[in-house]
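Novice: Input: one structure, supplied below.
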Amino acid sequence: MKITVLSLFPEILEAYFASSIMAKAIERGTMVAELVNIRDFATDRHRTCDDAPYGGGPGMVMKAEPLAAALDSVQSASAATEGMRTIYPTPSGRLFTQHDAERLAVEEHLLFICGRYEGIDQRIVDLYVDEELSIGDYVLSSGEIASLAIIDAVYRLIDGVIRSESLIEESHSAGLLEYPHYTRPEVFRGLKVPDVLLSGHHAEIKRWRSARMREKTKAVRPDLLAESERICDERSEEPNGRNQGN
Ligand code: 6GU
């Protein structure tokens with residue numbers, strides 16, 4: 001998969017792309033990452049990328065021309081543009097979920113536009129953007145962090161990026177939150193690892209973990225519990241999170 005990110009501050013993203021798991025995926029050729037500085041496509045003397053909004057109001061808006069020039073350069077450089085999906089992370093987008101991550105993980109090329117200020121000129125959305133995604137009901141100061149959140153959720157699902165067993169049992173893959181994890185030492189500050197985990201009794205461990213998943217989900221995300229039971233009924237399986245997929 002290729003990932004292109006358009007940003008006014010690509011240095012924010014560089015550390016992430018150089019980090020261990022992503023760097024390894026890039027080294028292996030599983031991932032290709034491309035950072036594009038939008039400012040390189042501004043043509044005036046001051047390389048202006050923002051301007052006041054028509055109609056008035058607070059803040060600034062990212063100008064259409066530098067963004068369009070940057071987007072055109074990516075499109076003309078990539079051979080198969082039909083294989084490219086353009087994503088604009090914005091708090092006014094549809095809520096991004098694990099289901100979206102799974103859907104996007106099979107794309108050939110994802111392009112992210114990082115907005116700053118009050119956002120980008122609507123005509124860029126109209127002309128170039130395939131989907132607007134929000135990462136939650138709160139407002140971040142810029143699109144870089146939201147883009148990284150989406151990229152991270154997506155690329156780890158690609159074959160060969162992380163061990164597939166890790167993906168099967170984790171939170172949300174079956175709509176339930178994860179069970180608690182323990183590693184050595186057996187006693188830490190007077191707190192002991194639950195006996196069942198030391199028993200070597202795999203069926204018991206599985207039951208214990210399922211119970212903890214349901215308990216935790218009921219306590220903090222009852223909305224997910226209802227949805228998970230619906231999905232499991234559909235599959236006529238036990239709602240214990242052992243099954244892969246959505
Ligand atoms: Cl995608 N962008 C920004 N700036 N804030 C957000 C967001 C995105 N999703 C939630 N808050």
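Novice: Going by what's in this entry, would S166 be described as assigned to a helix (DSSP H, G or I), of a type in the set (S, T, Y) and away from the ligand (no atom under 15 Å from the Cβ)?
Specialist: For S166, the condition - assigned to a helix (DSSP H, G or I), of a type in the set (S, T, Y) and away from the ligand (no atom under 15 Å from the Cβ) - is met.
Novice: Condition first: more than 19 Å from V36 (Cα to Cα) and among the β-branched types (V, I, T). Can you find one or more residues in segment 98-113 that meet it?
Specialist: Yes, segment 98-113 has at least one match.
Novice: Something else about it: Give the residues of segment 1-37 that are outside any strand (DSSP E or B), under 17 Å from R116 (Cα atoms) and in contact (Cβ under 8 Å) with a residue 60 or more places away in the chain, sorted by residue number.
Specialist: L8, F9, I12, L13, listed by residue number.
Novice: While we're here: Using the structure shown, decide if S199 is free of Cβ contacts under 8 Å to residues at least 24 places away in the same chain and closer than 24 Å to L225 by Cα.
Specialist: For S199, the condition - free of Cβ contacts under 8 Å to residues at least 24 places away in the same chain and closer than 24 Å to L225 by Cα - is not met.
Novice: Here's a follow-up. So which residues in segment 66-88 are under 15 Å from Q122 (Cα atoms) and either free of Cβ contacts under 8 Å to residues at least 24 places away in the same chain or hydrophobic (A, V, I, L, M, F, W, C) (or both)?
Specialist: Selection gives L67, A68, L71, I87.
Novice: Please specify each residue of segment 101-121 satisfying the condition of being away from the ligand (no atom under 12 Å from the Cβ) and farther than 18 Å from D72 by Cβ.
Specialist: Once the filter is applied, which keeps residues that are away from the ligand (no atom under 12 Å from the Cβ) and farther than 18 Å from D72 by Cβ, segment 101-121 yields A101, E102, R103, L104, A105, V106, E107, E108.
Bear in mind these aren't lab numbers, they're just calculated from the coordinates by the rules spelled out. All of these numbers come straight from a predicted model, not from anything done at the bench. We place every Cβ from the backbone using ideal geometry, glycine too, and count neighbours over all the protein chains shown.
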